[in-house]
Amino acid sequence: MLYTKKDVLDYIEEDDVKFIRLAFCDVFGSQKNISILPSELPKAFDKGISFDASLISGFEEEGENDLFLFPDPETIAVLPWRPSHGKVVRLFCDIKKADGVPYEADGRKILKDAVKKAENTGIYCDIGSEFEFYLFNTDENGQKTDVPIDNAGYLDIAPKDKGENIRREICLTLEQMGIQPISSRHKAGPGQNEIDFTYSSPLAAADNATTFKSAVSTIASMNGAYASFRPKPLKNTPGNGLYINISLKSNGGQNSKEQFAAGILNRIKEITAFLNSTSESYLRLGEKGAPNVVTWSAKNKSRLIRVRFDKDGTGQFKLRSADPYANPYLAYALLIHAGIAGTEKSEKLPPSADDYEIQSRETNKLQNEEKLPSTFEEALSLAKKSDFVKEILPESIIETYIKLKDSSET
């Protein structure tokens, strides 16, 4: 359901809402928010609510001390874990400068621009996400430990699977927030879980991904556990992936859909820094099923990209290299732009890699194929040199990622 500004104001007044969280993300995808009272919401819609941009990662380089949050009424959601009397709702916001001009480094703006360009070229897509995460025990002070809540394996059930009730509560919470879960399961690692939710428009998908991580962390904490989305939280166990599913319809038929997939494959190395945005990300790639070779397949689920075409002409693509630390707004925008570039240049997919079943074989048998960057430093170097990336992302975002790498090494 699409909500208008009036719908939201009426709801706030009639349903005992006492606090409104105005949410946005920094350039790394970390959610931030300002809480306001209902009396301030009309002002927020009309004039925005200011915040100090110099204290937000990636915003401090633009010389704009004050930026303004403008809530998007379509994103309203009640926070189910807050009191039912005196409700708290959340609204995602667009970020603007003092003169009302959209802020260049706002991930929502960057993703909106990508969607607009795609639609102008006859390309329409929805995105679905599959998040993996670990659940760890907490100590007597509520602090996180490195001890998983169970030693269960892939698709195990209770009592081995001790995350079953937490996943159930997460799914019910997501439903209350307007996000429809599809499935949940225990994954291969001890304490590792996955929850998938439905496709939606790219902007809604990025908002939902941000909401998902917040809900998982909150519900885990309420149950005495700690949720970790780190790409490789434990040695010798599978890392956490973010599998990005793109459902594509195009006016250009199947050829354009293949070209879209080729565009992603041909630019994946340049954009990897934004799909795998920590040094730890590169400990995951290339082992225990996480792909590091630039290949695709219509049959083999272990490849970097799986491509298939439905009877209705829809193209379905699954990218398997990204991890949950990626900023979904930037990740989805870059993938859409890469696909557009492939269609504009009529790029062709290389031969598919259908022959081998698992990644450990892939590394040995496809050693002459291109591989993803092996370190965050290498990925950032490719991004910094990429004309494609520079056309989409402000220089300040690229520099912020580089500074993050430099600071993490000191």
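Taking segment 69-148 on its own, what percent of its Cα-Cα pair distances exceed 19 Å?
Working: 2133 of 3160 pairs.
The share of Cα pairs beyond 19 Å in segment 69-148 comes to 68 percent.
About the Cα centre of segment 58-145, how large is the charge dipole given +1 on each Lys and Arg Cβ and -1 on each Asp and Glu Cβ? Please answer in debye to the nearest 20. Working shown, then result.
On the way: 11 positive and 18 negative charges, 88 e Å.
About 420 debye.
Cα gyration tensor of segment 185-295, axes a ≥ b ≥ c as square roots of the eigenvalues: rounded (a/c below 1.5), prolate (a/b > b/c) or oblate?
Working: a/c = 2.38, a/b = 1.44, b/c = 1.65.
Since a/c reaches 1.5 but b/c is at least a/b, the shape of segment 185-295 is classed as oblate.
Rounded to the nearest 20 Debye, what is the dipole magnitude of segment 1-41 about its Cα centre when Lys and Arg each give +1 and Asp and Glu each give -1 at the C-beta?
240
Let me make sure I get this right: for segment 310-349, a, b and c are the square roots of the gyration tensor eigenvalues over alpha carbons, sorted descending. Under 1.5 in a/c it's rounded, otherwise prolate if a/b > b/c, else oblate. Which is it? Could the numbers behind the result be given before it?
On the way: a/c = 2.32, a/b = 1.42, b/c = 1.63.
Here segment 310-349 falls in the oblate category.
Largest first, how would PHE68, PHE229 line up by accessible area (1.4 Å probe)? Don't skip to the answer; put the middle values down first.
On the way: PHE68 50, PHE229 15 Å².
My answer, sorted largest first, is PHE68, PHE229.
Heavy-atom accessible area of GLU40 with all protein chains present, probe 1.4 Å, nearest 10 Å²?
Accessible area of GLU40: about 70 Å².
So what is the 222 nm mean residue ellipticity for the chain from helices alone, if each DSSP H run of at least 4 adds -39500 (n - 2.57) and you divide by all residues, rounding to the nearest 500 deg cm²/dmol? Before the final figure, lay out the partial values.
Numbers: 12 runs with 146 residues, N = 410.
Roughly -11000 deg cm²/dmol at 222 nm, from the helical runs in the chain.
If you roll a 1.4 Å probe over the heavy atoms of the protein chains, what accessible area per residue do you get for the chain, in Å²? Could the numbers behind the result be given before it?
Numbers: 18520 Å² over 410 residues.
Computed with neighbouring chains in place, this is 45 Å² per residue.
Would you mind classifying segment 115-162 by shape? Square roots of the alpha carbon gyration tensor eigenvalues, ordered a ≥ b ≥ c; an a/c under 1.5 is rounded, otherwise it is prolate if a/b is larger than b/c and oblate if not. If you can, show how the numbers build up before the last one.
On the way: a/c = 6.52, a/b = 2.46, b/c = 2.65.
Because a/c hits 1.5 or more and a/b fails to exceed b/c, segment 115-162 counts as oblate.
So how strong a dipole does segment 116-193 carry about its Cα centre when Lys and Arg Cβ are +1 and Asp and Glu Cβ are -1, to the nearest 20 debye? Intermediate values should be presented prior to the final figure.
Working: 9 positive and 13 negative charges, 46 e Å.
For segment 116-193, the charge dipole is close to 220 debye.
Which one of THR295, ALA204, LEU234 has its Cα pushed farthest toward the positive end of the charge dipole of the chain, where Lys and Arg give +1 and Asp and Glu give -1 at the Cβ?
After comparing all options, I get THR295.
What figure in square angstrom, to the nearest 10, would you give for the accessible area of GLU119 with a 1.4 Å probe?
The value for GLU119 is about 90 Å².
How much of the accessible area of segment 129-261, in percent, comes from carbon and sulfur atoms when a 1.4 Å probe is used?
Numbers: 2580 of 5670 Å².
Result for segment 129-261: 46 percent of the exposed heavy-atom area is carbon or sulfur.
Once the convex hull of the C-alpha atoms of the chain is built, how many Å³ does it hold per residue, rounded to a whole number?
156
Measuring from centroid to centroid over Cα atoms, what is the spacing of segment 263-284 and segment 295-350 in Å?
With segment 263-284 and segment 295-350 each reduced to a Cα centre, they are spaced 13 Å.
Quick one: the Cα spread of segment 27-177 along its three principal axes, in angstroms, biggest first?
Between the extreme Cα coordinates on each principal axis of segment 27-177 lie 58, 43, 32 Å.
Quote the Stokes-Einstein diffusion coefficient, in whole µm² s⁻¹, for segment 48-100, based on the Kirkwood radius over alpha carbon pairs, a temperature of 4 °C and a viscosity of 1.567 mPa s.
Numbers: Rh = 12.7 Å.
Approximately 102 µm²/s, per Stokes-Einstein.
The values are calculated or read from the model by the stated rules, or taken from the named source; none is laboratory data. Quick caveat, the model's predicted, so the values are computed rather than measured. Note that we place each Cβ from the backbone using ideal geometry, even for glycine, and neighbour counts take in every protein chain shown. In case anyone asks, the SASA skips ligands and DNA or RNA and just uses the protein heavy atoms, side chains included. Shrake-Rupley method; radii C 1.70, N 1.55, O 1.52, S 1.80 Å.
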